[in-house]
Amino acid sequence: MNQNQRSVKREPCDGKSSVEFKPAESQISYQFKLRDFSSGGMGILVGKNSQSLNFLNVGDVLDMKYYSNEIAAEASFLKTKISHISAPEQVRHQNHVVIGLQVID
């Protein structure tokens, strides 16, 4: 896991509520609530002891399933790059890391 690496391009959640992904090496899928951590910065908050961190590295590209805020909307699969893994700015999330996401398709 590469800590505190950020890319220049960042994007907002734009009506998406959560994301689900299954790393190739994993037996299970992971689902997290999407958050806007800064202006234009979409990501997920992951506990430092989460097994999902064993499968995520900066620069990885995964097929992620995005769920919408709208009840009747279908989920969409989008290629997503891990843009950064860094410490959260808010003290209340001190036992977590922020995983920055960048949709690339």
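Could you tell me whether Val46 is assigned to a loop (DSSP other than H, G, I, E, B) and surrounded by 12 or more Cβ atoms within 10 Å (Cβ to Cβ)? No; evaluated as a whole, the condition is false for this residue. Scan segment 74-94 residue by residue and report those that are farther than 14 Å from Asp105 by Cα and either among the polar types (S, T, N, Q) or loosely packed, with under 12 Cβ neighbours inside 10 Å (or both). The answer is Glu74, Ser83, Ser86, Glu89, Gln90, Val91, Arg92, Gln94. For Asn54, the conditions (1) out of contact with any Ser or Thr (no Cβ under 6 Å at 6 or more places or on another chain); (2) closer than 17 Å to Gly41 by Cα are fulfilled apart from (2).
In segment 14-30, what residues are of a type outside the set (Ser, Thr, Tyr) and either loosely packed, with under 14 Cβ neighbours inside 10 Å or modelled with pLDDT under 50 (or both)? Asp14, Gly15, Ala24, Glu25, Gln27, Ile28, listed by residue number.
The values are calculated or read from the model by the stated rules, or taken from the named source; none is laboratory data. Please read these numbers as outputs of a predicted model, since none were measured by experiment. As a convention, Cβ positions derive from the backbone with ideal geometry for all residues, glycine included, and neighbour counts pool all protein chains shown.
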